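The structure appears right after this line, and notes come after that.
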Amino acid sequence: MQTGNTLQVLSSKTPKIYKNKKLNTANFGDFTHNDYQVFLHLVSKIGGVDKDGKYLQSEQLQREHILTAKEFSEVFNADIHNSYRMIHKACKKLMKTSIIIEKLELNETWEVNVCSTAQYNQSEGRITIEFTDRIMPYLAQVTQKFVLYNLKEIANFGSLYTTRLYELIQEFKETGYMTKSVEQLRTVFAVGEKLKLYGHFKAKTFAHACKEINDNYDMGLRFEEIKKGRRVVAITFFFKRTMVHKVTNQKTGIEKNFYQKPKAKIKKKEIKKKEIKKISPDVLEGQFTFSELKTEAKPIKNILSSLLAKLTSKK
């Protein structure tokens, strides 16, 4: 439905991330975890479905979006004062950084700028960014080429590597496994010249990420190394599949997928339940309270009744 020249775009109640699979495996350079979280939060604002549930083309999508420190702190459970600093820093990073995308079908490597403008308003604690025309096709929704998940799903992760591995899994969530070469993982994790030794790379990136994902989700995530001789060349990850249920909208006839993902683990502080005796300030130590006397009254009554019965029988 259009009002004048404005297309009505639906906003999801639950912020969602839509990413082209090429962007999902892209190299984000020197992005920190916070930078990447800000980027994803902004991506979740794009939307991309009209009121009839039809996907919109990239040229129909809104390019300019605002993110406040308050919004960021609420989604990622961050301190509000730190959130001001995080979005400010990310604002600069988004403006300066280009994303490296491998176009294997063309045997080419592309560098794509994320933002054409980026503004930080200190008094209002917000950033305003405008995505470039070049990045938009990777953020528009196409049925077969996109990765979809809820923003909240990655809110509790404390590492960029964990977030990136979780995103990779979403591409294969219906299969229950995926295989990535070590070089592909190095690209996605953007380690550059760091962690050259495989053992260090493994421990700091995907081994740690697997543990953190399993701490947050009942996913049963594990991995096996694939070797060529003595050298590890690839990793196969195994995890619980996401079940897909197809539901058809009775009014529009449009079929949609509903995903039943592995359950999130609810973290609760283990509190040992101890019986705490509530003592009335009017009762001295060693004395019975009225409630305690009531519990003692029953056996005493039984004893008195027994004695009375014996005395009666002797008569």
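Among (1) modelled with pLDDT under 95; (2) part of a strand (DSSP E or B); (3) closer than 28 Å to Ser181 by Cα, which single condition is Lys246 missing?
(3)
May I ask you to verify whether Glu105 is surrounded by fewer than 12 Cβ atoms within 10 Å (Cβ to Cβ) and either in the same structural domain as Ile80 (by TED's automatic domain parsing) or small (Gly, Ala, Ser) (or both)?
yes
So, of the residues in the stretch 68-85 that are buried (at least 19 other Cβ atoms within 10 Å of the Cβ) and over 18 Å from the mean Cα position of the chain (by Cα), which turns out to be nearest to Leu139 (Cα to Cα)?
Filtering first and then ranking leaves Ala69.
Checking Phe201 against (1) modelled with pLDDT of 95 or more; (2) within 30 Å of Tyr259 (Cα to Cα): exactly one of these is not met. Which one?
(2)
With the condition being without any contact (Cβ under 8 Å) to a residue 60 or more places away in the chain, I'd like the strands (runs of 3 or more DSSP E) fully within the stretch 89-188 carrying at least 2 qualifying residues. Please lay out each step first, then the result.
On the way: elements: 98-103, 108-113, 115-121, 126-131, 146-150, 177-181.
It comes to 108-113, 115-121, 177-181.
Can you tell me which residue is nearest to Phe31 (Cα to Cα) among those in the stretch 172-193 that are surrounded by 13 or more Cβ atoms within 10 Å (Cβ to Cβ) and charged (D, E, K, R)?
Residue satisfying both the conditions and the ranking: Arg186.
What's the total number of residues in the stretch 200-240 that are surrounded by 16 or more Cβ atoms within 10 Å (Cβ to Cβ) and not hydrophobic (A, V, I, L, M, F, W, C)?
8
Could you tell me whether the stretch 205-226 includes any residue that is touching a residue at least 12 places away in the same chain (Cβ under 8 Å), within 19 Å of Ala26 (Cα to Cα), among the β-branched types (Val, Ile, Thr) and assigned to a loop (DSSP other than H, G, I, E, B)?
The answer is yes, given that some residue of the stretch 205-226 is touching a residue at least 12 places away in the same chain (Cβ under 8 Å), within 19 Å of Ala26 (Cα to Cα), among the β-branched types (Val, Ile, Thr) and assigned to a loop (DSSP other than H, G, I, E, B).
Between a first residue in the stretch 1-30 that is surrounded by fewer than 16 Cβ atoms within 10 Å (Cβ to Cβ) and a second residue that is modelled with pLDDT of 90 or more and assigned to a loop (DSSP other than H, G, I, E, B), which pairs have beta carbons less than 7 Å apart while being 6 or more apart in sequence or on different chains?
The qualifying pairs are Gly29/Ala190.
The values are calculated or read from the model by the stated rules, or taken from the named source; none is laboratory data. Everything numeric here is computed off the predicted structure, so don't read it as measured data. With ideal geometry, Cβ positions are generated from the backbone for all residues, glycine too; neighbour counts draw on all protein chains shown.
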